[in-house]
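This report refers to the structure that appears directly beneath it.
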Amino acid sequence: MSKIAPLPQVSYPHVLGCDIYHGDGPVQMHALVDAGIKFVYFKTSQGTSYTDPTFADNIKRARSVGLIAGAYHFYDPKVDPKKQAAYFLAHAPVVKGDLVHCIDNETQGPTAAVDTYACAKEMKRLTGRWPCIYSGDSMFQDELAKYFKPPADYFLWIARYGHEPQAPCAIWQYSDAGRIQGVPHALDLNVFRGDIEALKTHCYK
């Protein structure tokens with residue numbers, strides 16, 4: 001049995017996950033399963049002109065070994081938000097059983113937060129579900145929280161290394177240097193705050 005490290009010390013029910021993009025190199029999905037990983041988000045696209053060349057193969061292989069898979073889009077604040085939503089879905093159509101799509105916003109700017117919200121609203125219109133929102137803990141609180149306010153149907157995926165996030169997130173990205181036996185590169189590691197049945201409520205029906 002492979003072992004995953006580092007493992008967060010948490011007292012609540014949780015499910016382990018990771019996220020992958022082309023820079024992580026070839027990843028053996030069975031190695032993730034052996035390490036106790038249950039869900040994976042894969043980078044799909046960025047802006048309206050880039051598609052991750054590993055996405056289609058990665059997500060197909062993940063589903064084949066029973067991983068709960070999802071697609072994420074790296075948001076470009078210089079590109080029309082509605083066009084980004086359409087581009088994302090053109091390359092990652094909704095699939096029953098997959099995690100809802102995610103918008104990854106890591107770029108600050110005068111309109112980045114409101115435009116991310118516009119992109120999320122367009123995703124809701126096109127799919128019937130609010131997307132997951134990914135960001136850093138401080139960035140979410142300083143910028144995105146002005147538009148993404150609880151209670152809401154979306155869920156948050158927040159990165160903060162060394163300490164649990166202050167933002168009320170469902171997924172905590174706790175490391176960007178996780179090592180999994182059988183995977184050649186360090187991976188981003190995540191914890192879903194809840195059990196596997198709770199995680200499945202964030203999947204398309």
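Summary table
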item: Within segment 30-42, considering residues that are without any contact (Cβ under 8 Å) to a residue 60 or more places away in the chain and buried (at least 20 other Cβ atoms within 10 Å of the Cβ), the one farthest from PRO8 (Cα to Cα); result: PHE42
item: Segment 1-51: number of residues that are among the hydroxyl-bearing types (Ser, Thr, Tyr), modelled with pLDDT of 95 or more and closer than 16 Å to PHE192 by Cα; result: 1
item: In segment 73-108, residue nearest to the chain's Cα centre (by Cα) [restricted to those that are of a type in the set (Val, Ile, Thr) and surrounded by fewer than 23 Cβ atoms within 10 Å (Cβ to Cβ)]; result: VAL100
item: Single residue of LYS96, LYS82 found to be touching a residue at least 12 places away in the same chain (Cβ under 8 Å) and part of a loop (DSSP other than H, G, I, E, B); result: LYS96
item: Some residue of segment 138-147 being in contact (Cβ under 8 Å) with a residue 40 or more places away in the chain and assigned to a helix (DSSP H, G or I); result: no
item: Flag for ALA62 being in contact with a strand residue (DSSP E or B) (Cβ under 7 Å, 6 or more places away or on another chain) and of a type in the set (Gly, Ala, Ser); result: yes
item: In segment 162-194, the residues that are in contact with a strand residue (DSSP E or B) (Cβ under 7 Å, 6 or more places away or on another chain), assigned to a loop (DSSP other than H, G, I, E, B) and exposed (fewer than 15 other Cβ atoms within 10 Å of the Cβ); result: PRO168, ALA186
item: Residue tally, condition within 19 Å of the chain's Cα centre (by Cα), part of a loop (DSSP other than H, G, I, E, B) and not basic (Lys, Arg), over segment 151-161; result: 5
item: Among residues of segment 46-60, those that are surrounded by fewer than 20 Cβ atoms within 10 Å (Cβ to Cβ) and part of a helix (DSSP H, G or I), counted; result: 3
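The values are calculated or read from the model by the stated rules, or taken from the named source; none is laboratory data. Bear in mind the structure is a predicted one, so any value in this text is a computation, not a measurement. For neighbour counting, all protein chains shown are included, and Cβ atoms are generated from backbone atoms with ideal geometry for every residue, glycine included.
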